[in-house]
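Shown next, in structure tokens, is the structure this report addresses.
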Amino acid sequence: MTPSLTALLCLGLRVGLRTHVQAGTLPKPTIWAEPGSVIPWGSSMTIWCQGTLGAREFPLDKEGSSGPWDRQPPLEPRDKGKFSIPHMTQPDAGRYHCYYLSPTGWSERSDPLELVVTGVSGKPSLLTPQGPVVASGQSLTLQCRSDVGYDRFALSQEGGQALPQRPGRQPQAGLSQADFPLGPVTSTHGGRYRCYGGHNLSSEWSAPSDPLDVLVAGWFPDTPSLSVQPGPVVASGENVTLLCQSGSRTETFLLSKEGAARPPLRLRSKYRRQHIQAEFSMSPVTSAHSGTYRCYSSLSSDPYLLSHVSAPLELAVSAAHPQDYTVENLIRMGVAGLILLGLGILLFQAPHGHGGTQDAARS
């Protein structure tokens, strides 16, 4: 057989294999990434491909490559393949598909998995104008902002595979921003989010923003109560305790302040006086503690899903009471006057007492 004929036959077999793979009739496998699809530069990660039992081989394709990016034998019980990337770099970023070979033929290709490499430039910031706690059914918008002129932004949810992207806009000179609307909010929107910035002429993404936790309220029937000691109106410098209580089994209480940008405070629950409760201490308070507070309960199994909200509690912190020194000053003046009077009497009596002593000596 001539070399040219051999090459043609190999090419034909390759084309036939690829055509057969694309026309596979077995169910498509599931593809996912660990620890996630957004990977910092230089970190290790793993792509998993899971099909049916009895698979013989798991090829992995990367879009833009001429052939399979990798092939792996199945792991027991022969239903999944493992593809490891020990050091993630920019050439590893892209969209991947996997499929599998079984005794009855090839499967369909999986849905795409997009891997993103981050950490190339400065991180943006992620915030929400509505605050981190949102009621079920409401709308929510996450804003990704940066003082770098990014052309596009991407949003990731911890544990999620999708990476929605939005074009950047410039609300003012030197700033770039993109809005990610979420809603109506359901339980799936609760979680930890990060965002990234990028440029149109580059496939690289920035370092991730600091995380933002989105908490969805109203997902289990408990409605805690909120009270304050010593009372809702206190003077600056006093010690204040906000008490969140519940009659239902709960593991964590959260305290939020209306209009605050920081996330709610979390405390583990304690059982006291036939109530499950948490005590949020503020000492000493200042005028910055004034405001409207609410509390929620949650379970450790779903930390981003909260109870119904408590009734609001208004805390007013007044200026410290000026101390009245009038009585104290009068007492001090009276004591000083008595001391002076006593000294005067002693001085007056001293010469007379001395003279009497001399007369007695002469006699």
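Tabulated data for the structure shown
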quantity: Criterion: within 23 Å of THR141 (Cβ to Cβ) and touching a residue at least 12 places away in the same chain (Cβ under 8 Å) - qualifying residue of GLY237, GLY259, GLY247; calculated: GLY259
quantity: Flag if THR250 is polar (S, T, N, Q) and not in a strand (DSSP E or B); calculated: yes
quantity: Subset of the range 53-103 (residues that are acidic (Asp, Glu) and assigned to a strand (DSSP E or B)); calculated: GLU57, ASP61, ASP70
quantity: Residue in the range 260-273 that is farthest from PRO129 (Cα to Cα), counting only those that are touching a strand residue (DSSP E or B) at 6+ places or on another chain (Cβ under 7 Å) and not aliphatic (A, V, I, L, M); calculated: LYS270
quantity: Evaluation of LEU182 against (1) more than 22 Å from the chain's Cα centre (by Cα); (2) crowded, with 17+ Cβ neighbours inside 10 Å; (3) of a type in the set (A, V, I, L, M, F, W, C) (one fails), failing number; calculated: (1)
quantity: Residue match in the range 263-277 (condition: basic (Lys, Arg), under 22 Å from ASP213 (Cα atoms), under 18 Å from the mean Cα position of the chain (by Cα) and assigned to a loop (DSSP other than H, G, I, E, B)); calculated: no
quantity: Residue match in the range 132-146 (condition: in contact (Cβ under 8 Å) with a residue 24 or more places away in the chain, in contact with a helix residue (DSSP H, G or I) (Cβ under 6 Å, 6 or more places away or on another chain) and of a type outside the set (Gly, Ala, Ser)); calculated: no
quantity: Some residue of the range 17-26 being modelled with pLDDT of 50 or more, in a strand (DSSP E or B) and either out of contact with any Phe, Trp or Tyr (no Cβ under 7 Å at 6 or more places or on another chain) or surrounded by 10 or more Cβ atoms within 10 Å (Cβ to Cβ) (or both); calculated: yes
quantity: Matching entry among SER209, SER203 (being at negative phi, touching a helix residue (DSSP H, G or I) at 6+ places or on another chain (Cβ under 8 Å) and of a type in the set (S, T, N, Q)); calculated: SER203
quantity: Sole exception among (1) assigned by TED's automatic domain parsing to the domain that holds SER290; (2) surrounded by 16 or more Cβ atoms within 10 Å (Cβ to Cβ); (3) within 19 Å of the chain's Cα centre (by Cα); (4) not hydrophobic (A, V, I, L, M, F, W, C) for GLY190, by number; calculated: (1)
quantity: Among residues of the range 72-109, those that are surrounded by 14 or more Cβ atoms within 10 Å (Cβ to Cβ) and without any contact (Cβ under 8 Å) to a residue 24 or more places away in the chain, counted; calculated: 2
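Conditions (1) of a type in the set (A, V, I, L, M, F, W, C); (2) surrounded by 12 or more Cβ atoms within 10 Å (Cβ to Cβ); (3) modelled with pLDDT of 70 or more; (4) in contact with a helix residue (DSSP H, G or I) (Cβ under 7 Å, 6 or more places away or on another chain), marked per residue:
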site: ILE276; (1), (2), (3), (4): yes, yes, yes, no
site: MET282; (1), (2), (3), (4): yes, yes, yes, yes
site: ALA288; (1), (2), (3), (4): yes, no, yes, no
site: CYS295; (1), (2), (3), (4): yes, yes, yes, no
site: SER310; (1), (2), (3), (4): no, yes, yes, no
site: PRO322; (1), (2), (3), (4): no, no, no, no
site: THR326; (1), (2), (3), (4): no, no, no, no
site: LEU330; (1), (2), (3), (4): yes, no, no, no
site: MET333; (1), (2), (3), (4): yes, no, yes, no
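Condition check ((1) closer than 30 Å to CYS295 by Cβ; (2) assigned to a loop (DSSP other than H, G, I, E, B)) across all residues:
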residue	(1), (2)
GLY131	yes, yes
TYR150	no, yes
ALA162	no, yes
ALA173	no, yes
VAL185	yes, yes
THR188	yes, no
LEU201	no, yes
ASP213	yes, no
VAL234	yes, no
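The values are calculated or read from the model by the stated rules, or taken from the named source; none is laboratory data. Since we're looking at a predicted model, the values are computed, not measured. Neighbour counts run over all protein chains shown; Cβ positions are idealised from the backbone, glycine included.
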